[in-house]
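Note sheet for the following structure.
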């Protein structure tokens with residue numbers, strides 16, 4: 001691996017750390033390429049992953065495909081700003097920025113206002 005690639009991975013890991021620090025309610029941050037391949041990730045300490053490794057790979061691939069497929073009709077409806085999924089255990093939000101996908105899990109037991117506040121902070125950090 002070249003020093004340029006190593007520097008890029010270190011930079012992405014630092015981005016994960018900074019996003020994780022935006023709120024105590026953020027559980028996990030992952031950055032993938034446009035095909036869903038994990039480049040960097042960070043989980044809040046003391047937590048156990050909700051997904052097994054294969055499930056996580058499939059999840060990241062799914063989000064990448066949604067963003068990529070929707071590019072085909074951005075002229076009609078505008079670019080996709082984010083994907084928000086709510087399950088009984090966790091909120092999942094993902095953003096595509098500069099060819100990278102930022103995938104975050106957020107505690108489920110927060111109010112809609114708190115969730116939207118966290119999303120705004122993430123968007124500010126990613127410079128939307």
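Of note:
- Flag for residue 100 being surrounded by 12 or more Cβ atoms within 10 Å (Cβ to Cβ), touching a residue at least 60 places away in the same chain (Cβ under 8 Å) and under 26 Å from residue 44 (Cα atoms): yes
- Unique residue being modelled with pLDDT of 95 or more and in contact with a helix residue (DSSP H, G or I) (Cβ under 7 Å, 6 or more places away or on another chain) when the list is 15, 23: 23
- In region 25-55, residue surrounded by the fewest Cβ atoms within 10 Å (Cβ to Cβ) [restricted to those that are without any contact (Cβ under 8 Å) to a residue 12 or more places away in the chain and within 13 Å of residue 105 (Cβ to Cβ)]: 48
The values are calculated or read from the model by the stated rules, or taken from the named source; none is laboratory data. Small disclaimer: the values here were computed from a predicted structure and weren't measured. A quick note on method: Cβ atoms are made from the backbone with ideal geometry, for glycine too, and the neighbour counts reach across all protein chains shown.
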